[in-house]
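Read-outs: derived from the displayed coordinates by stated rules, not from any lab. Because the structure is a prediction, the values reported are computed rather than measured. Here the Cβ positions follow ideal geometry from the backbone for every residue, glycine too, while neighbour counts run over all protein chains shown.
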Amino acid sequence: MAIYLDHAATSPLRPEVLEAMLPYLTEHTGNPSSLHAAGRRARQGIDEARETLAALIGAAPREIVFTAGGTEADNLALKGVAWAASPRGKHVVISAVEHKAVLNAAAILERSGFEVTTLPVDRYGRVDPADVAEALTDRTTLVSVMAANNEVGTLQPIEEIGALVRAHHARFHVDAVQWAAHLPIDVDAWQADLVSLSAHKLGGPKGVGALFVRRGTQLLPQVQGGSQERQRRAGTENVPGIVGMAAAFASVHAELDQEGDRQRGLAEQLRDGLLAHEGITLTGDPKRRLPNNVSVVVEGVEGGDLVAALDLEGIEVSTGSACTSGSTEPSHVLLAMGIDPHTAHGSLRMTLGRETTAADVARTLDVLTDVLPRLRGAGMPAAVEA
Ligand SMILES: Cc1ncc(COP(=O)(O)O)c(C=O)c1O
């Protein structure tokens, strides 16, 4: 069995989630908009899921909009709010380390005549709330800062930023896709108006997510069609997916503290073992980070080569770099943290999950000890076979 250390990419479907979904794939297969019994049964599944999810994040059920994933939730938040509020101002603020879903939604807004301010981060990937305060103008309608970074795991000072944005009467969007898999959410404590969530990062199905939209927040729907989701997101609902998402949130959030402590302990062992090697440096905030995230840069090695070498040994990890048309671009997150492009090429991310054991960590460290000198001996950059 492979050792899977890529839970930030996606996390395997939990058995209890599959169990919750199955009746909605086999028995309760009506269209939730239908008035007959089959439709009403499907509607009941969605209503219950909405209540479960809302209660877990301190929201009201009507403030939850189900989407086809975190990417769609981010797009709906950015474009939906920016356009709806555009008569008052066309200025949006984001951070430099956001997920591509936010970065590229903001880029489209920019091309449509909006002004976008991108906040810098420090060497740990943290946004300084003072920079947020400085960026706010009387034209600012929306600020979007992620709760936890998907590459380096850094946690942002969300409550402080939320207070600033609220005082300025702008809307605050938080991408909590990674945060939600490990830490509790209280949308009021964050003073957030919009929060993006995704099911597959915490043992739910892929292709389903949600956007919390605070009551009174104006939103221009991005998908036109029927009147589903209170006219905020058209299209027949993904009933099994939505039921699975709520089941995954309920299951993960019931064991949050216990699993957080366990995974933090294992992550620390993995981190210490890695840092014992020469030329390996931790990336991200050493203290304020996701409990399951170990991300490093490895000197003298291409991250992609390391991923491939570990894969051959049955260990599945990730590099922070995004692959674009065959060439490996250094990660925008690492570059924003001031890491030079050459060093950023050696990035490696390992993210633990519920099934990760101490034996998995020990084996990973053994394999790395074996593989690293070999790869370093091969020199950098390594040859790539076409
Ligand atoms: C921080 C963050 N935001 C958004 C997304 C997109 O979520 P999804 O894969 O559900 O579209 C991801 C997943 O990669 C993520 O890590």
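Observations on the model:
- Between 0 and 90 degrees, the angle of helix 70-84 with respect to the longest Cα principal axis of the chain falls at about 50 degrees.
- Backbone phi angles across the stretch 98-112, fed through the Karplus curve with coefficients 6.51, -1.76 and 1.60 (θ = phi - 60°), yield HN-Hα couplings of 5, 5, 4, 4, 7, 4, 6, 5, 5, 5, 5, 4, 4, 5, 9 Hz in residue order; Gly and Pro are listed as x.
- Between the stretch 55-100 and the stretch 158-229, the Cα center-to-center distance that results, in Å: 6 Å
- For the chain, the share of DSSP beta bridges that are antiparallel, to the nearest 5, is 55%.
- Distant-in-sequence amide H partners of residue 146 (H built 1.01 Å from N, under 5 Å): 95, 175
- Charged-residue dipole, Cβ positions (Lys, Arg, Asp, Glu), the chain about Cα centre, Debye nearest 20: 1400 debye
- A crude spin-label estimate for the pair residue 374 and residue 234, with each label 7 Å from Cα along the Cβ direction, gives 5.5 nm.
- Farthest positive-ward along the stretch 97-197 dipole, Cα basis, beta-carbon charges - from 142, 104, 176: 104
- Contour minus Cα-Cα distance for residue 255 and residue 96 (0.36 nm per residue): 54.0 nm
- Most mobile of 59, 246, 133 in a GNM of the chain (Cα contacts under 10 Å): 133
- Principal-axis tilt of helix 37-57 within the chain, Cα atoms, nearest 10 degrees: 60 degrees
- Label-point gap, in nm, between residue 123 and residue 272 - each point 7 angstrom along Cα→Cβ: 2.4 nm
- Which of 12, 279, 70, positive extreme of dipole for the chain (C-beta unit charges): 70
- 222 nm mean residue ellipticity, helices alone, for the chain (DSSP H n ≥ 4; -39,500 (n - 2.57); rounded to 500): -12500 deg cm²/dmol
- Burial ordering of 52, 283, 154, fewest other beta-carbon atoms within 10 Å first: 52, 154, 283
- Between the beta carbons of residue 282 and residue 342, assuming R0 = 25 Å, the FRET efficiency works out to 0.90 to the nearest 0.05.
- Order of 173, 7, 332, 28 under a 10 Å beta carbon neighbour criterion, fewest first: 332, 28, 7, 173
- Considering only trypsin sites (Lys or Arg not before Pro) in DSSP loops that have at most 16 other Cβ atoms within 10 Å, the longest stretch of the chain without any of them is 289-386.
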